[in-house]
Amino acid sequence: MLEAVLSAHDLEALRGECQRFIDERDREMDRLGVDTLDLDHRGSRYFVHAYGASPAVRRFLFSELMAEVGQAALGDTVYLFNEQYVVKAAERGMKFGWHQDSGFIPYRHQPYLTCWIALDDVTEANGTVYLLPYARAGTGEVVQHVRDEETNDLVGYFGDDPGDPVIVPAGSMACFSSTLFHRSGANTTDRMRRVYLAQYSAEPILNEDRSGPRHLAEPVLVDGERVS
């Protein structure tokens, strides 16, 4: 847990791009005539990618801070694997079930690093993330997930343990393995809860047929040296 680790500049830059991408997602739902698209629910919950469409986001993903975090967790070679905003609207933000990030990749791969970055102060009331330590989950291995037909979530843990809530100020970062179970509650406050996820790997994570990257495979560090 890295508390209040983002600079004020980085925090405002990430916040500043967030609404623009939500608006774009709503326009796409309008075009398709739907209120649910993948895991997104209009006016309630959004998972929005920004890479390739925001120079400000790109600068953050390849910043000295993120290179240091990646190196500490993964070693001297680090690749950007994926990124997205995760937004829960005020008084409507949905909960998200117990899952492992690796549970969304249905074939064997090397576990990767998730950096869960709070863009607002996060509490149990506004839908923070809950982490489930391996010892209490009963496994550190990736398990098969089952799709919840109501929310479209993939769920992999069905026990009674509520997990440990992450309660931190804006600009803080929770860093955990893609094999760690986590969930989030609903946002019951009158303010939006915004989080940015940045995910890094020690080697490119490829498609199942190994024809190319599953998401991204952009080098951040190679043999300890930053790649600009």
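The values are calculated or read from the model by the stated rules, or taken from the named source; none is laboratory data. None of the values given here were measured: they were computed from a predicted structure. Here Cβ is always computed from backbone atoms with ideal geometry, including for glycine, and neighbour counts include all displayed protein chains. Side chains are part of the model used for accessible areas, which takes the heavy atoms of the whole protein and leaves out ligands, DNA and RNA. Shrake-Rupley method; radii C 1.70, N 1.55, O 1.52, S 1.80 Å.
Can you find, within segment 47-56, the residue that is nearest to the chain's Cα centre (by Cα) among those that are over 18 Å from M192 (Cβ atoms) and surrounded by 13 or more Cβ atoms within 10 Å (Cβ to Cβ)?
Here is the first cut: in segment 47-56, the ones over 18 Å from M192 (Cβ atoms) are 49, 51-56.
Checking the rest, the ones that are also surrounded by 13 or more Cβ atoms within 10 Å (Cβ to Cβ) come to 49, 51, 53-54, 56.
On the way: H49: 10, Y51: 13, A53: 18, S54: 17, A56: 18 Å.
This residue is H49.
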Taking segment 1-13 as the search range and keeping residues that are part of a helix (DSSP H, G or I) and surrounded by 17 or more Cβ atoms within 10 Å (Cβ to Cβ), which one is modelled with the lowest pLDDT?
A13
Which ones in segment 14-46 are of a type in the set (G, A, S) and open to solvent by 30 Å² or more (accessible area, probe 1.4 Å)?
G16, G33
Taking only segment 188-207 into account, find how many residues are of a type in the set (D, E) and at pLDDT below 95.
1
Taking Y79, is it aromatic (F, W, Y), open to solvent by 20 Å² or more (accessible area, probe 1.4 Å) and touching a residue at least 60 places away in the same chain (Cβ under 8 Å)?
yes
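Which residue is least open to solvent (accessible area, probe 1.4 Å), if the candidates are limited to segment 82-109 and must be farther than 22 Å from R214 by Cα and among the small types (G, A, S)?
Kept after step one, since they are farther than 22 Å from R214 by Cα, are these residues of segment 82-109: 87-98.
So of that shortlist, the ones also among the small types (G, A, S) come out as 89-90, 93, 97.
Values: A89: 20, A90: 35, G93: 5, G97: 22 Å².
The qualifying residue least open to solvent (accessible area, probe 1.4 Å) is G93.
Condition first: at negative phi, part of a loop (DSSP other than H, G, I, E, B) and either of a type outside the set (V, I, T) or at pLDDT 90 or above (or both). Now tell me which residues in segment 144-156 satisfy that. Talk me through it step by step, then tell me what you get.
Of all residues in segment 144-156, those at negative phi come to 144-151, 153-156.
Narrowing further to those that are part of a loop (DSSP other than H, G, I, E, B): 144-145, 148-151, 153, 156.
The answer is Q144, H145, D148, E149, E150, D153, G156.
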A careful count of residues in segment 149-179 that are charged (D, E, K, R) and either open to solvent by 40 Å² or more (accessible area, probe 1.4 Å) or within 12 Å of W116 (Cβ to Cβ) (or both) gives 4
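Go through segment 164-228 and tell me which strands (runs of 3 or more DSSP E), entirely inside it, have 2 or more residues that are closer than 18 Å to T128 by Cβ.
Working: elements: 173-177, 181-184, 193-201, 218-222.
Here the list reads 173-177, 181-184, 193-201.
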Only one of T123, T128 that is open to solvent by less than 10 Å² (accessible area, probe 1.4 Å), closer than 20 Å to V168 by Cα and among the polar types (S, T, N, Q)
T128
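Does segment 70-119 hold any residues that are of a type in the set (V, I, T) and in contact with a Phe, Trp or Tyr (Cβ under 8 Å, 6 or more places away or on another chain), and which are they? Before you say what the answer is, go through the steps one by one.
So the first thing to find is which residues in segment 70-119 are of a type in the set (V, I, T), and the list is 77-78, 86-87, 105, 114, 117.
Hits for segment 70-119 are V78, V86, V87, T114, I117.
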Do you know which residues across segment 180-228 are touching a residue at least 12 places away in the same chain (Cβ under 8 Å) and open to solvent by 70 Å² or more (accessible area, probe 1.4 Å)?
T188, D190, R191, E203, E208, R214, H215, D223, R226, S228
Identify, please: which residue in segment 137-147 is surrounded by 13 or more Cβ atoms within 10 Å (Cβ to Cβ) and within 16 Å of F96 (Cβ to Cβ) and is, among those, farthest from the chain's Cα centre (by Cα)?
V146
Among what's in segment 15-63 and is in contact (Cβ under 8 Å) with a residue 24 or more places away in the chain and part of a strand (DSSP E or B), pick the residue that is farthest from K88 (Cα to Cα).
T36
